[in-house]
Every structure is written in structure tokens, then in C-alpha cells.
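The structure appears right after this line, and notes come after that.
Every read-out reported here was derived from the displayed coordinates using simple, explicitly stated rules and does not represent laboratory data. Please read all numbers here as calculations on a predicted model, not as lab measurements. Please note: Cβ atoms are built from the backbone with ideal geometry, for glycine as well, and neighbour counts cover all protein chains shown.
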Amino acid sequence: MKFSKRDNKKKEHEVTPEWVLGRATLLLEDRDYTEKKMAQKLRLAFPDNPEYCQQAIENLVERGSINDDRFAEHFIGNRLGRKEGVGKIKQAMYTKGFPKSIIDKIEHDPRVQEKSFHDDALALKISWVGEAPLSPYEDQRIYNRTFRRLASRGFSFDIINKVMRHAPDE
């Protein structure tokens, strides 16, 4: 079996701190990363050079290319438009690798406090089952499914209960 001259092997090159920093900069061109996620990405790409990865992270933080607070503000702003509750936003932030201190501050964010999560949850409930109030005694299956769907979107128990009892305006 003959192989072409261009087989799919990666070119071998010497890994330097500049090379690792260049790779991190290329990753940041596509989208923002938290400091933790960028460290994970670099450690996966350069497992034999963790000290170069740490140097690159420190350099990017010093330059302001990686800023967890700025990224959190942008991330929260995007998530507020998706009809998701605070719980879902916190879960997504945890998955993205935000520090716990930033995740805990989300409830104090003015945009989150001004947001009417009740209206979002009500709009979802109406789109799924209509405007009539749902009672757990009438149709248990629909009530439970709607309740679970709203809970999976991160809405609080109080908001879900209000939405489920909501009667259309007459």
C-alpha cells in the first residue's frame, strides 16, 4: 500500500512560550474564554509544557485579553434574552468555567434584578399548553411535564407556581 507524500501527520515543531501564546491568541480571536477554560484548552494542546501554558495565561490576563468579569457581563447579557431563569444561567456559567465568586454575584446584577422572569416563564407555558391555568388535579401528566420543562429552564419554584396558576386576563 502506497502513501502519498502528504499523509495526515502534523508537522513537528519546537514548542516555545511564544508558540503557546500565539495559539492562545488564535483561540481568543474566535470567542472569549474564562481563565480556567483557556488553561484547560492550552493544557490539552501542550500537555508536555504546563509552564508555558501558565506563562501564556498570565500574559493574556496582564494584557486584558482574558477578563472573567468582562466576559461574565457579556455572557449574562446574552443569556437574559433566551427565556431562561437564574438557575440555568448559573449552571451555564459554571460549565463555562467562571469562578464561583462571579457566579454568586449574578443575583445582584441590576440587569438580572430588572428582568421579569415571570413574563418569560408565562410566555413559555402559554406556547406549550395555552393560557388556561393548570391544576395538578385535572391533568397530572401535562401539569408535571410543563412544571419540569420550566424547572429545567432554570426558573424558581415560586415563579413556576405563579405561572401554573395564571389565569388569562378577562
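Observations on the model:
- With 29 Å as the limit on Cα-Cα distance, the pairs of Lys96/Lys162; Lys37/Lys125; Lys37/Lys162; Lys41/Lys125; Lys100/Lys125; Lys37/Lys83 that go past it are Lys96/Lys162; Lys37/Lys125; Lys37/Lys162; Lys41/Lys125; Lys100/Lys125.
- Cα long-axis angle, helix 35-45 against the chain (0 to 90 degrees, to the nearest 10): 50
- Reported label for calculated volume of the Cα convex hull per residue in Å³ given [x] 155; [y] 266; [z] 201: [z]
- Tensor-based shape of the stretch 56-130 (alpha-carbon gyration tensor, a/c under 1.5 rounded, otherwise prolate or oblate): prolate
- Whichever aspartates and glutamates have a C-alpha closer than 12 Å to that of Lys115, once near sequence neighbours (fewer than 8 apart) are set aside: Glu84, Glu107
- Think of it as helices only: each DSSP H run of n ≥ 4 in the chain is worth -39500 (n - 2.57), and spread over all residues that comes to -19000 deg cm²/dmol at 222 nm.
- Distance in nm between pseudo-label sites at Ala132 and Val112 (7 Å out along the Cβ direction from Cα): 3.7
- Extent of the stretch 15-97 along its three principal axes (Cα atoms, max minus min coordinate, largest first): 45, 22, 18 Å.
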